[in-house]
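Note sheet for the following structure.
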Amino acid sequence: MDAAPPPPGLTHDRRAAWRIALTVLGVFLIALWPPALWRWQGVSAAVLLTLSIPARLPPGRVLRRAAVLWLFAGVMAIGLAGRSDWPVRAGNLLLKSTLSLWAVSLLVHSTPLAELVSGLRWLRLPRVWTEILAFWGRYYSVLAEEWRRLELARRARTFEPNQRRAFTRLANALGLLFIRAYERAEQVHRAMLARGYRERP
Amino acid sequence: MHIPDGYLDAKTCLGAYCLAGASLAWAGRNVGARWNERTIPLLGVMSAFVFAGQMVNFPVAGGTSGHLLGGVLAGVLLGPAAASMALTTVLVVQCFLFQDGGISALGANALNLAVVGVFGGCLVYRLIRRCRRDPRSIVLGSALAAWFSVVLASATCALELAGAGTAPARLVLPAMILTHAVIGVGEALITAAVVGFVVKVRPDLVYEPRTLAPVSTPIKRVVMVGLAGALGVALLLSPLASTLPDGFERVAQQLGLTLQTHGTNLAPMPGYSVPGASRTWLMTSAVAVLGTLLCFGVGWLLVRLAARWLRRSPP
């Protein structure tokens, strides 16, 4: 929250920071562009294409995510059908959401999470948010693994339950995952204290 | 329910960012006061838990499956402030890493799911807990709260889409609320079942609000948060500015006092319009922002003067 230089030991990636800032700016430009001037979006598409080819952005991944957006835009188009200018409006929704998706995919494809977090540190995002993001990246895979182990243990030790039991069993497992996650957070905190962590470095 | 990029216009995006930012800054202060330096590991691991919980597919009746949203689940177990921060982290991750929901609409998505959904749901939960104090009320309260949270979030989302002019309100509002009233039943069942298990096994983990020692907040931050919140309200509600005469004007009309507003216009912004701004929404939003800033400035000045006067007078 303050502009003081961040603590030593945490990485601050200026190149990632530039990428994040340019992507966010570009997405805002694409998303807030006047709908009547939609032909100018061709410029942003050209820029994205020239950046995507050297970055080797896999088109299949972008298209798979974009399919969901196109479905959503189709539903919105049905809602807009009564108006006279609905093709422009619905087309803009489709175009803007797809181009923004492309821009964000490019950022994430070219920059891993750790670099994104250090870029956000360089941009002086409040420390609590960058650190929560970093912890998310660290512990998401741990919890996913924990969940896989819970499922495996359940399958090894119980019969296949019926439909109604399946629901409560899954909810119990999720509750158990919460308890383990909470205990893990406490362990992590104690370990951090043991290594000399302080709130304000 | 994640709004993609391009569905909202500038005033809705910015208004939602201001309002969500102000709420989250307030939440951050509360969380910091309660958990001190445990905040970062706890919220980091908990946002990972909410994310993992959203991945689990529950079999719902009729062969369909649904997943948890987790706002009220986290709110019941960690408190609303921590839950809104954890959910915002999940939204940021979904927006950037999984391209689910847009960057420009991130403020709106956080406002719907992490602020309105979580705080609205937790309000319902607290009301029910206040009536009955046995452990069963925790499960019942979290079920009802989960349903309300989903419906409230969908209603806010529909209002934002309507306010941005993307979809007509009379179509999108009922459609969103009706579909989410059904989705909310699934959310309520899952939340109640998970909370029920945690209450059975570790009842000490359920969040109970307690009075905390007041934390002194720098006045600059209070001003920033207050101003951001006021600007957000002004920007989001500006499409509702009425062109109908207000109460004073109506009384004047009924009494036959036609105010001479055509020839000499003494008001700085007559009829809520800025000279020079051509677009209507831009005009209304600009007036809303200017009015907010003006009222804020006048209020600030009055408080400063009052404070000085109070300090000077003998106790």
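The values are calculated or read from the model by the stated rules, or taken from the named source; none is laboratory data. Not measured: the values here are computed from a predicted model. All Cβ positions, even for glycine, are placed from backbone atoms using ideal geometry, and neighbour counts span all protein chains on display.
Residues of segment A:68-85 being under 17 Å from B:Asp9 (Cβ atoms) and more than 9 Å from chain B (Cβ to nearest Cβ), which ones? Spell out the reasoning first.
From segment A:68-85, those under 17 Å from B:Asp9 (Cβ atoms) are A:73, A:76, A:79-80, A:83, A:85; that's our starting set.
If the condition is that a residue be under 17 Å from B:Asp9 (Cβ atoms) and more than 9 Å from chain B (Cβ to nearest Cβ), then A:Asp85 is the only one that fits.
Beta carbons closer than 8 Å, at least 6 apart along the sequence or on distinct chains, pair a first residue in segment B:164-175 that is within 23 Å of A:Pro34 (Cα to Cα) with a second that is surrounded by fewer than 15 Cβ atoms within 10 Å (Cβ to Cβ) for B:Pro168/A:Gly82.
Filtering segment B:181-203 for residues that are under 30 Å from A:Asn92 (Cα atoms) and either within 22 Å of the chain's Cα centre (by Cα) or away from chain A (no Cβ under 14 Å) (or both) leaves a non-empty set. Against the list (1) within 13 Å of chain A (Cβ to nearest Cβ); (2) free of Cβ contacts under 8 Å to residues at least 40 places away in the same chain; (3) out of contact with any Gly (no Cβ under 8 Å at 6 or more places or on another chain), the condition B:Ala86 fails is (2).
If we keep just the residues of segment B:137-166 that are within 14 Å of chain A (Cβ to nearest Cβ), closer than 19 Å to B:Ala188 by Cα and of a type outside the set (S, T, N, Q), which is surrounded by the most Cβ atoms within 10 Å (Cβ to Cβ)? Break it down into steps so the answer makes sense when it comes.
Taking segment B:137-166 first, the residues within 14 Å of chain A (Cβ to nearest Cβ) are B:138-139, B:142-143, B:146, B:157-158, B:160-162, B:164-166.
Keeping just the survivors that are closer than 19 Å to B:Ala188 by Cα gives B:138-139, B:142-143, B:146.
Narrowing the set further to residues that are of a type outside the set (S, T, N, Q) leaves B:138-139, B:143, B:146.
Numbers: B:Ile138: 22, B:Val139: 20, B:Ala143: 24, B:Ala146: 32.
The qualifying residue surrounded by the most Cβ atoms within 10 Å (Cβ to Cβ) is B:Ala146.
Summed over segment B:61-72, residues that are more than 8 Å from chain A (Cβ to nearest Cβ) and either over 17 Å from the mean Cα position of the chain (by Cα) or charged (D, E, K, R) (or both) total 7. Whether any residue in segment A:136-150 is over 14 Å from the mean Cα position of the chain (by Cα), surrounded by fewer than 22 Cβ atoms within 10 Å (Cβ to Cβ), at pLDDT 90 or above and assigned by TED's automatic domain parsing to the domain that holds A:Pro58 is what I want to check. No, segment A:136-150 contains no residue that is over 14 Å from the mean Cα position of the chain (by Cα), surrounded by fewer than 22 Cβ atoms within 10 Å (Cβ to Cβ), at pLDDT 90 or above and assigned by TED's automatic domain parsing to the domain that holds A:Pro58.
Just wondering, is there one or more residues in segment B:100-117 that are modelled with pLDDT under 90 and within 18 Å of the chain's Cα centre (by Cα)? Before you say what the answer is, go through the steps one by one.
Quick first cut of segment B:100-117, residues modelled with pLDDT under 90 only: B:100-102.
Now drop any that are not within 18 Å of the chain's Cα centre (by Cα), which leaves B:101-102.
There is at least one residue in segment B:100-117 that is modelled with pLDDT under 90 and within 18 Å of the chain's Cα centre (by Cα).
Tell me the helices (runs of 4 or more DSSP H) entirely within segment A:93-201 that contain at least 1 residues that are at the interface with chain B (Cβ under 7 Å from one of its Cβ atoms) and among the basic types (Lys, Arg).
Output list reads A:163-194.
Please work out if A:Pro54 is assigned by TED's automatic domain parsing to the domain that holds A:Gly42, without any contact (Cβ under 8 Å) to a residue 12 or more places away in the chain and out of contact with any Leu (no Cβ under 9 Å at 6 or more places or on another chain). Lay out the reasoning, then the answer.
Details: assigned by TED's automatic domain parsing to the domain that holds A:Gly42: yes; without any contact (Cβ under 8 Å) to a residue 12 or more places away in the chain: yes; out of contact with any Leu (no Cβ under 9 Å at 6 or more places or on another chain): yes.
Criteria met by A:Pro54.
Is there a residue being β-branched (Val, Ile, Thr), more than 19 Å from B:Gly165 (Cβ to Cβ) and surrounded by 12 or more Cβ atoms within 10 Å (Cβ to Cβ) anywhere in segment A:47-54? Yes, that holds for at least one residue.
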